[in-house]
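Structure, as C-alpha cells:
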Amino acid sequence: MTGTTPNDTLVATDIRKTFRRSNGLFSPASETRALKGVSFEVTPGEIFGIVGESGCGKSTLARILVGLEEADGGSLALGARTLFGPGAPTVSAVNRGIQMVFQDPYASLNPRMCVGDAVAEGLAIANVPRAEREERVAETLSLVGLTPQDARKYPFQFSGGQRQRICIARALVMEPAFLLADEAVSALDVSVQMQILNMLLDLRDRIGVSIIFITHDISVVDYLCDRVMVVYDGEVVEFGEKTAVLDHPQNAYTQRLIQSVPRL
Amino acid sequence: MPGTEPAEAEKPVFSARNLSIFARNGQKRIRIVSDVSFDIAHGEFFALVGESGSGKTMIARAIMRLLPRHMLEVEGELSFQGRPLADLPEAEMRKLRGGAISMIFQEPMTSLDPLMPIGRQIEETLEIHSDLGRKARLDRIKELLSEVRFAEPAKTAMLYPHELSGGMRQRAMIAMALANNPTLLIADEPTTALDVTIQREVMEIIYRLKEKHRLSVLFISHDLSLVHQYAETVGVLYGGVLMESGPEEKVIGRSAHPYTAALLNCVPRRRIGDERRSGIAGAVPSPLEWPPGCRFKDRCEYAGTDCAAGSIPIEERDGDWTIRCLRPLT
C-alpha cells in the first residue's frame with residue numbers, strides 16, 4: 001500500500017533544522033541550530049540506535065523522519081522513493097512507511113478511545129475497509145502479546161508495559177518498513193523494559209521490520225542494536241557497528257559518555 | 001568531634017524497626033509498606049532499590065514526616081540518633097528537617113523557588129537552623145557552592161534557578177541540603193532526570209561529601225548499576241516488603257532472593273548471538289491487588305503453594321544479610 005518493500009534502505013542526507021524564536025519587536029530573533037547536517041543509512045532488518053543526551057537533536061531528527069516536523073534542508077529516501085528533498089514532493093506521514101512509538105505510553109493513547117479504534121485509526125485514515133481493519137487489528141494485537149479481545153478495552157485497563165505494546169501495535173498495523181522508537185522504554189520499570197526489548201527483537205526476527213531506536217541509555221543500545229550513531233549538539237560524532245563504537249570509541253564525547261555509564 | 005566518633009560509629013545513625021506505612025483515603029486504609037527493618041551506620045551509603053510502587057519514596061516521606069498523619073499512618077519504629085521520630089513534636093521535627101536530616105529530590109526545579117536567587121535560598125536554611133551572622137552566612141554560601149564544584153560561587157549565588165541547567169540545579173540543591181552539616185542525607189532518585197555524564201558528576205559529589213564529612217546517605221533508586229557502583233549496603237523492596245538486604249557484595253554479588261536475581265536479569269547488557277535476558281514476566285501489582293503470602297510469588301519462577309500460605313519469615317545470615325524467601329537461591 002505504501003509501495004515500499006522490506007528490502008528498502010533508508011537514506012538520510014544532510015538533514016538540517018534550525019528553530020527560530022522571536023524575542024519581541026525590538027530584539028533580533030534567536031536561532032537554535034538543532035540539526036547541523038545529519039546523514040546516515042539504515043539497512044533492511046537492522047536495529048539502528050541513535051544515542052545522545054537531552055538537547056542533542058535526536059528527537060527533532062525522529063520527528064523529521066516520520067513527518068511530524070519539516071526539515072530546513074537535506075533529503076530522505078526509502079529505496080527508490082524520495083520522502084522529502086529538493087525538487088521532490090514531500091510524502092505525507094501516513095504514506096512514508098515509517099511509524100513512530102513515543103516515550104510515554106500514558107500520554108500517547110487517547111483515554112476515551114478503545115484500543116481497537118486507536119490501533120485502527122491509521123488504517124481508517126488510509127481508507128482501509130472496516131472488515132479488513134478489524135482483521136488486521138486482531139492480528140497485530142496478537143503479534144505484540146495482547147489478545148484480540150483487548151481491542152474492546154480502554155487504555156486505563158492496561159499497565160504501562162501493556163500500553164506500550166498497544167502503541168507498538170498501532171505503529172505496526174500500518175505494515176511499516178521502519179519502526180521508529182523514541183525513548184520507548186525509558187518510562188517503564190526495568191522488569192517491563194526487558195519484556196519490551198525482547199519483543200522488539202522478536203518482531204524484527206519474525207516480520208523483518210527495521211527498527212530505529214532513539215535512546216540516552218547506552219546499556220539498552222548494547223542489548224538491542226546492531227549499529228549505532230552518536231549525536232552531539234546536532235551533529236553525528238560517531239557512527240558504526242555497535243561493538244566497535246562502544247568498545248573502542250574514537251570521539252572524545254563518545255568516550256566521556258561511555259565512561260559515565262555505571263556498569264554492573 | 002573526632003573524639004566522639006568511635007562511640008557514635010557503634011550505634012546506627014538511623015534505624016527503622018518493623019516499619020509499616022498506610023495510606024488513608026477517607027474510610028479506606030491501604031497498607032503500602034509492610035514490616036520493613038534496616039539500619040544506617042555513621043558514614044554509610046545505604047541504597048533502597050525497587051521498581052515503581054515498591055514503597056521506597058513512601059519510606060523517605062515517612063522518615064521526614066512530609067505527609068500529614070491523616071493521609072499517611074506509620075506503625076513501627078523510626079529512630080534517628082536514638083530518638084524516636086514518631087513522637088517528636090512538630091517543632092522539634094522542623095528543627096531536624098534541613099538540619100540534621102536533609103533531603104534532595106528527583107526534580108530540582110520543583111524543589112527550588114523560581115523567584116529567589118540560589119544564594120538567598122541557601123541563606124534561608126542557614127537563618128532557620130544556625131545562628132551565623134549575615135557576613136558568616138554569605139561566606140558559608142560561597143563555601144557550600146564551591147564544595148559542589150561551582151567555579152564561581154559568588155556569581156552562582158546571584159543566579160535564579162531558571163538560569164541553571166538540570167545538573168547545576170541538582171548541585172545547588174545538594175549545597176542547600178548540606179548547609180547545616182546534616183548527619184543523614186536522604187536522596188530520592190536524585191539523578192533520574194539527568195543525563196549520564198551529569199549523573200556521574202552529581203554522584204561523585206555526593207560520594208566525596210560522604211567520605212569527607214562521614215555523612216550517612218539513604219539513596220533511593222531503581223537503577224541497580226548505579227547502586228552497585230556507589231552503595232555499601234543495599235535493601236531491595238518489592239510491594240512494600242524488604243525482600244533482601246545486606247552488604248552490596250552479598251545482595252548484588254551473590255543474590256539469594258529470586259526477586260533480586262530476577263531484577264539483575266532485567267539490566268540490559270550485550271547479548272551474544274540470539275541470547276535473550278529473561279527479565280520478569282507480568283507487571284508490578286498495585287497495592288490493592290497484592291497477593292497473600294510472598295508479594296512476588298505470582299511472578300517468581302521458584303514459587304510453590306507454601307509461598308501463598310502466609311507471611312514469609314526473615315532469614316538472617318552472617319549477622320548482616322536478611323532474606324525474606326522460603327526458597328532462597330543460595
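Just a few scattered comments:
- Counts of other chain beta carbons within 10 angstrom of each beta carbon in peptide B:265-277 average 5.
- Low-density loop cleavage sites - chymotrypsin sites (Phe, Trp or Tyr not before Pro) in the range A:66-169, where at most 14 other Cβ are within 10 Å (DSSP): A:106
- The range B:1-101: relative contact order in percent, alpha carbon pairs under 8 Å with at least 6 residues between: 32 percent
- Accessible solvent surface per residue of the range A:119-264, calculated while the other protein chains remain in place, 1.4 angstrom probe, Å²: 39 Å²
- Looking at the range A:104-190, the trypsin sites (Lys or Arg not before Pro) that sit in a DSSP loop and have at most 13 other Cβ atoms within 10 Å of their own Cβ are A:112.
- Counting only protein heavy atoms and using a 1.4 Å probe, the accessible area of residue B:64 comes to about 10 Å².
- Atom-type composition of the exposed protein surface of the protein assembly as shown places 51 percent of the accessible area on carbon and sulfur (1.4 angstrom probe).
- Accessible surface of residue B:95, taken over heavy atoms with a 1.4 Å probe and every protein chain present, rounds to 130 Å².
- Exposure rank, largest accessible area first [A:14, B:87, A:222; 1.4 Å]: B:87, A:14, A:222
- Between the amide H of residue B:33 and those of B:21, distances stay under 5 Å, these residues lying 5 or more places away or on another chain, with hydrogens modeled in the peptide plane.
- Residues along the range A:222-264 losing 40 Å² or more of accessible surface when the other protein chains are present rather than the chain by itself (probe 1.4 Å): A:222, A:223, A:260, A:262, A:264
- Euclidean distance of C-alpha centroids, the range A:216-264 and the range B:267-319, integer Å: 33 Å
- The A and B chains share an interface that buries close to 2700 Å² of accessible area, total over both sides, probe 1.4 Å.
- Sum of -39500 (n - 2.57) over DSSP H runs of 4+, divided by residues of the protein assembly as shown (222 nm, nearest 500): -9500 deg cm²/dmol
- Relative to the longest principal axis of the Cα atoms of chain A, the long axis of helix A:190-207 lies at roughly 80 degrees.
- Remark on residue A:180: its backbone amide H falls under 5 Å from those of A:99, A:100, A:101, A:212, a criterion applied only to residues 5 or more positions apart or on other chains, H modelled at 1.01 Å from N.
- Complex-versus-alone comparison for the range B:189-209, residues with a loss of 40 Å² or more in accessible area, probe 1.4 Å: B:195, B:196, B:197, B:200
- Placing B:274, A:104 in order of accessible area, with the largest value first and a 1.4 Å probe, yields B:274, A:104.
- Between 0 and 90°, nearest 10: helix B:196-213 axis offset from chain B longest Cα axis: 80 degrees
- GluC sites (Glu not before Pro), loop per DSSP, at most 13 other Cβ atoms within 10 Å - longest free stretch of chain B: B:1-274
- Length available on full extension from residue B:329 to residue B:281: 0.36 nm per residue minus the Cα-Cα distance, which gives 15.4 nm.
- Taking B:37, B:225 and ordering them by how much accessible surface each has at a 1.4 Å probe, largest first, produces B:37, B:225.
- Mean accessible surface per residue for the range B:53-92, computed with a 1.4 Å probe while every protein chain stays in place, in Å²: 51 Å²
- Heavy atoms of residue B:105: accessible area, 1.4 Å probe, square angstrom to 10: 70 Å²
- Per residue, in Å², the accessible surface of the range A:43-92 once ligands and nucleic acids are set aside, probe 1.4 Å: 38 Å²
- The string of couplings for the range A:80-87 from the Karplus curve (6.51, -1.76, 1.60, θ = phi - 60°) is 7, 8, 8, 7, 7, x, x, x Hz, one whole number per residue in order, with x for Gly and Pro.
- In the range A:149-197, burial by the other protein chains removes 30 Å² or more of accessible area from A:189, A:190, A:191, A:194, A:195, compared with the chain on its own (1.4 Å probe, ligands and nucleic acids ignored).
- Where trypsin sites (Lys or Arg not before Pro) fall in DSSP loop in the range A:232-264, at most 14 other Cβ within 10 Å: A:263
The values are calculated or read from the model by the stated rules, or taken from the named source; none is laboratory data. Note that the coordinates shown come from a computational prediction; the quantities given were computed from them, not determined experimentally. Here Cβ is always computed from backbone atoms with ideal geometry, including for glycine, and neighbour counts include all displayed protein chains. For the accessible areas, the whole protein counts, side chains as well, though only heavy atoms, and no ligand, DNA or RNA atoms are used. Shrake-Rupley method; radii C 1.70, N 1.55, O 1.52, S 1.80 Å.
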